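Beneath this line is the structure, given in structure tokens, with notes to follow.
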Amino acid sequence: MPITMKSALAFLTILTLFAVTTAAAAPVTYQAKDFSRLRGMKGFSDQALELHFALYQGYVKNTNAMLETLAQIASSTPAYAEMKRRLGWEYNGMRLHELYFGNLGGDGKIPPDSKIAKRLTEQFGSLESWANDFKATGAMRGIGWVVLYEDQASGRLINTWINEHDLGHLAGGQPLLVMDVFEHAFIPDYGLKKGDYIEAFFQNIDWKAVDARLGK
């Protein structure tokens, strides 16, 4: 059967549609974000930041590797089950670090007329009361995260302790402000003086970034 111009064009159209469909179905590969803008931040040495960036990049790499492996191994295997259980640790380690670095780099001064300042004052009585509670949560013994969550169902703001990356999150909660209190975040610069690290964190909060995360 001779190939006509019409049939050739139809064949090319099918190939193009197949290529577009295949590309759209391709799984997402996460890329590590560049937080080099934080170098030179007061209270955080560049050496400590570089170590922290490298740790974050490891979570991105491991998240991609685990998702790729899970797509290839049989779901009936013990390896599949264990990797499914572990995925939350790697993925949340990636996301929490992005939120943490993303809310740093500011001057630590919360605009009094911002939405977040008004909401914190309404619910905690004053910005000082909120800050004292957030700092006290971070100062508790143990390693983990402190997250100011917004309950998207009610609009309530809650300071929350996250022990492991994948444990203790509030279901349906929107993270507004994230502070890393794992030892790698403060020991390189502050040793065991976690309180000094928390104060340095507060002096560098980017409140515009926090305000932008607010939903209600």
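Yes or no, residue by residue, for (1) in contact (Cβ under 8 Å) with a residue 60 or more places away in the chain; (2) over 22 Å from residue 165 (Cβ atoms):
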residue	(1), (2)
98	yes, no
112	no, yes
115	yes, yes
122	no, yes
126	no, yes
132	no, yes
137	no, no
143	no, no
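Being of a type in the set (A, V, I, L, M, F, W, C), open to solvent by less than 50 Å² (accessible area, probe 1.4 Å) and more than 30 Å from residue 191 (Cβ to Cβ) is a description that applies to residue 65. Per the listing 59, 91, the residue uniquely surrounded by 11 or more Cβ atoms within 10 Å (Cβ to Cβ), at pLDDT 95 or above, over 25 Å from residue 208 (Cβ atoms) and in contact with a Gly (Cβ under 8 Å, 6 or more places away or on another chain) is 59.
The values are calculated or read from the model by the stated rules, or taken from the named source; none is laboratory data. Since this is a predicted model, take the numbers as computed values, not measurements. Every residue, glycine among them, receives a Cβ derived from its backbone with ideal geometry; neighbour counts consider all protein chains shown. With ligands, DNA and RNA removed, areas are computed over all heavy atoms of the protein, side chains included. Shrake-Rupley method; radii C 1.70, N 1.55, O 1.52, S 1.80 Å.
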